[in-house]
Amino acid sequence: MLQIYNTLTRKKEIFKPKNSENVKIYYCGPTVYNYAQIGNFRTYIFEDIIIRTLQFLGYKTNTVMNLTDVDDKTIRESQKAKMSLSDFTKKYADIFLTDLEKLWIKKADNIVPVTSLIDEMVSMINVLLKKWFAYISEDGSIYFTIAKSQNYGQLAHLDFSGMKQSVRIDNDEYEKELASDFVLWKAWKESDGENYWEKEFIFWEEKKVLKWRPWWHIECSACNLKYFWPEIDLHMGGIDLIFPHHQNEIAQSEAVTGKKFSRYWVHSWHLMVDGKKMSKSLENFYTLNDIEEKYKNTRKEMLFRALRLLFINGKYRESIDFSFAKLEANINTVEKIDELVKRLAMAEKNNKKKWVRRDFSQELQYFIADYIESLEDDINTPEALSIFFNFISFANKELDTKNISSDEVKSIIDFLKTFNQILGIVDFSFLEENTIPKEIEEKFEARNTAKKEKNFSLADSLRDELLTLWYKIVDSREGTRLEKL
Ligand code: AMP
Ligand code: ZN
């Protein structure tokens, strides 16, 4: 049974969705005004691991993520770039989606730009106005009244006793000590330019149509209620979102529906650099492009797996320090995994024995059982990885004995695939049929014959020639093979 730590109760709890055939999951997406930094991807990889684990355990998931394509930053940066807000944000949304693919992160079933949710936000706010959960202030913006909200502060564990009273906040990021009424819908300012919506709001039976634009927190509530009304099973995000964003999401959604919004809240900790959160504002961040540029000579696909491995090798409720030395160590580890897959490919091809020993098959089952157990224990990925690496050693040792049958090799490959459904760090392309061009094969054969005949100078020159054609000769216990560089 899966247990996860619920931020709402501050306890590890058994995960019991309302309907295991339709587990409703929401997670906050990026603000699309620039390239995402790799800290963001730590969170998205963690969320990916949770979703893959749930699917592996047999749940049917239904996932939604928003894209914030209107806020102060997107408006400001689109103006600087002299582009329309929609063209500008589409550019970065597309880059973000490509980055997800590079890191093998499953895309949500619905990825929703928030400018497509304006009508939903307006009708939510009208309900809030009607129920007296919201008011129009003298500055023309609409605010949410936290005093009316019964459990305000539960998620973020706010203690209202020592707080400053009743300041209104129209800033996205504020500290817990400043918990106060927050803005839902913002009056237009000149600096917003063309970016506004004219919508009708009803307050005290009076209709107001003004130039306005939405604010951050309401968009996620509207997105959730559009797809999942009235409640969801699991809401995820980085810990920086607990307050005020998620706290405010709960307040708005519950005020509208009168129902508990999300049963479970799971938050992952940050990626750090030299003890500080990696973030755009601290200018201590790297994008995937930066990493690709720095490791130009490493196969990109290997680099992305190494980054994924680096992130899942940390507990999600602990921060991870990023360094290039760490990334390089992970590249080496990924190379070792590749080495095993290549050995398996050779062993499968050259071995005709057909049997599976009882002890061998039992051993494989134990590995998977332990692996599942560690994931079910609050998604303990470092533990799951250590079992995976024990499995890698086991497989290498079995290949060393030469006693392994081709059926057993196939079983190892199947188990590797099972592990990888969640981990996403194994490249199985080495198992695919060799598509080496004929003239390359011929040079390879000629080199092997030259070596057998002890004509080493010819063998070496053929090897060098193959290298210039991007093929490397590798001698291993399983025999000599050609590898594309
Ligand atoms: P943002 O675009 O800043 O709203 O962030 C998008 C997601 O990335 C949120 O879930 C944040 O919590 C998360 N995030 C931002 N910075 C980091 C970091 N350094 N480490 C982990 N997650 C982060
Ligand atoms: Zn959100």
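The values are calculated or read from the model by the stated rules, or taken from the named source; none is laboratory data. Note that this is a predicted model, so its numbers are computed, not measured. As a convention, Cβ positions derive from the backbone with ideal geometry for all residues, glycine included, and neighbour counts pool all protein chains shown. The protein model used for the area step is the full one, side chains on, heavy atoms only, and it has no ligands, DNA or RNA in it. Shrake-Rupley method; radii C 1.70, N 1.55, O 1.52, S 1.80 Å.
Just a few scattered comments:
- Förster radius 41 Å - calculated FRET efficiency between Glu318 and Lys402, Cβ distance, rounded to 0.05: 0.45
- Among Thr43, Tyr286, Gln79 the positive-end extreme of the charge dipole of the chain (Cβ point charges): Thr43
- Inter-part distance where segment 442-468 and segment 265-336 are each reduced to a Cα centre, Å: 41 Å
- Compared with the alpha-carbon gap, the fully stretched path from Thr449 to Glu383 is longer by 19.0 nm at 0.36 nm per residue.
- Here the label points at Lys18 and Ile111, each 7 Å from Cα along the C-beta direction, are separated by 2.7 nm in the simple model.
- Diffusion coefficient (Stokes-Einstein, Kirkwood radius over C-alpha pairs, 20 °C, 1.002 mPa s) for segment 276-431: 125 µm²/s, rounded to a whole number.
- Converting phi to 3J(HN,Hα) with the Karplus coefficients 6.51, -1.76 and 1.60 and the offset θ = phi - 60°, segment 286-300 yields 10, 9, 4, 4, 4, 5, 4, 5, 5, 10, 4, 8, 9, 4, 4 Hz in sequence order, with x at every glycine or proline.
- P(r) of segment 438-484 over all Cα-Cα pairs, binned every 5 Å from zero, in whole percent: 6, 23, 35, 26, 10, 0
- Secondary-structure-derived ellipticity at 222 nm for the chain, considering helices only, amounts to -14500 deg cm²/dmol, per-run term -39500 (n - 2.57) for DSSP H runs with n ≥ 4.
- Across segment 1-109, the volume of the C-alpha convex hull divided among the residues equals 118 Å³ per residue.
- Since only Val256, Thr333, Leu307 are under comparison, the one whose Cα sits farthest along the positive direction of the charge dipole of the chain, derived from C-beta charges on Lys, Arg, Asp and Glu, is Thr333.
- Size descriptors for segment 60-113, from the alpha-carbon set: Rg then Dmax equal 13.0, 44 Å.
- The value obtained for segment 383-485, namely the Cα convex hull volume divided by the number of residues, is 131 Å³ per residue.
- For segment 17-268, fraction of C-alpha pairs farther apart than 33 Å, in %: 18 percent
- By average C-beta atoms within 10 angstrom, highest first, the peptides 389-402, 349-362: 389-402, 349-362
- Cross-link reach is defined here as a Cα-Cα straight distance under 18 Å, omitting same-chain residues fewer than 8 places apart; for Lys451 the lysines meeting it are Lys443, Lys472.
- Put simply, the Cα atoms of the chain extend 96, 52, 37 Å along their principal axes, the longest span coming first.
- When Glu47, Glu453 are compared by accessible area at a 1.4 angstrom probe, the order from most to least is Glu453, Glu47.
- Each peptide in 413-423, 217-227 was scored by the mean count of other Cβ atoms within 10 Å over its residues; highest first, the order is 217-227, 413-423.
- Nearest-0.05 FRET efficiency for Glu283 and Ser476, computed from C-beta distance (R0 51 Å): 0.65
- Cα centroid separation, segment 9-38 to segment 82-102 (Å): 22 Å
- Each Lys and Arg Cβ is given +1 and each Asp and Glu Cβ -1; about its Cα centre, the chain then shows a dipole of about 780 debye.
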